[in-house]
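Working notes for the structure below.
The values are calculated or read from the model by the stated rules, or taken from the named source; none is laboratory data. Just so you know, these numbers come straight off a predicted model, no measurement behind them. We place every Cβ from the backbone using ideal geometry, glycine too, and count neighbours over all the protein chains shown. Keep in mind that these areas ignore ligands, DNA and RNA; they rest on the heavy atoms of the full protein, side chains included. Shrake-Rupley method; radii C 1.70, N 1.55, O 1.52, S 1.80 Å.
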Amino acid sequence: MRLPLFLLLAVLVLAGCQPEGDNSKLLPSGFSYKVHKDEPGETAQPGERAYFHYNLRIDDSLANTSFSESIPVSVQIPDTSTLGRNLQPIEEALMLMSPGDSLTFTMPMDSIPNPPADFQGAENLHYDLLLIETKTEEQLQAEAEDIGAFVQETLNKYNAGELE
């Protein structure tokens, strides 16, 4: 009878050691992540192009950011059934997000094979992500057609002498 009580107490003590308000979850690859903003909406789907901004932090130091750029970074969400490789953690994270969501995932430095010399002595890499929008292949095709029509119209006007 004492053993189950001891296990219950051990679980309660361990649960109490978690930081207050810690909402950490695990990506499929096992890296922890925390959601900062969770907007309603559909998550990014395979085949869609995800447009996002990021901060890359080495421990508490900012190493790289896309927030200073006016155009977000984009990546096509791969179809895992035909991928032939494991998803990258950033792809896993984006597939959990809907437009407007933000999260941070953390990669312990010892999980990174052959880290650059600049990373020596660091404990963690943190990726802060903000998903701006996703677009389907059909939406991208329609945008390309609209741009093509605009370019053709402008060229026709220029050739007709209507533009200088």
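Note on surface exposure: V151, V73 rank V151, V73 by accessible area, highest first, 1.4 Å probe. The antiparallel fraction among DSSP beta bridges confined to the chain stands at about 100%. The Rg/Rh ratio for the chain is 1.17, where Rg is the radius of gyration of the alpha carbons and Rh is the Kirkwood radius.
Summed over the residues of region 59-147 and divided among them, the accessible surface reaches 60 Å² per residue at a probe radius of 1.4 Å. Placing a label point 7 Å from the Cα of F67 along the Cα-to-Cβ line, the residues of region 23-37 whose backbone N sits under 17 Å from it are 34-37.
For region 149-163, backbone phi angles converted through the Karplus equation (6.51, -1.76, 1.60; θ = phi - 60°) give residue-by-residue couplings of 5, 5, 5, 4, 4, 5, 5, 4, 5, 5, 5, 7, x, 7, 10 Hz, Gly and Pro being listed as x. Taking only protein heavy atoms and a 1.4 Å probe, the accessible area of the chain is 55% carbon and sulfur. Label reach from I132 (point 7 Å along Cα→C-beta): in region 67-85, amide nitrogens under 16 Å belong to 67-77. Ranked by the mean number of other Cβ atoms within 10 Å per residue, highest first, peptides 35-48, 84-97 order as 84-97, 35-48.
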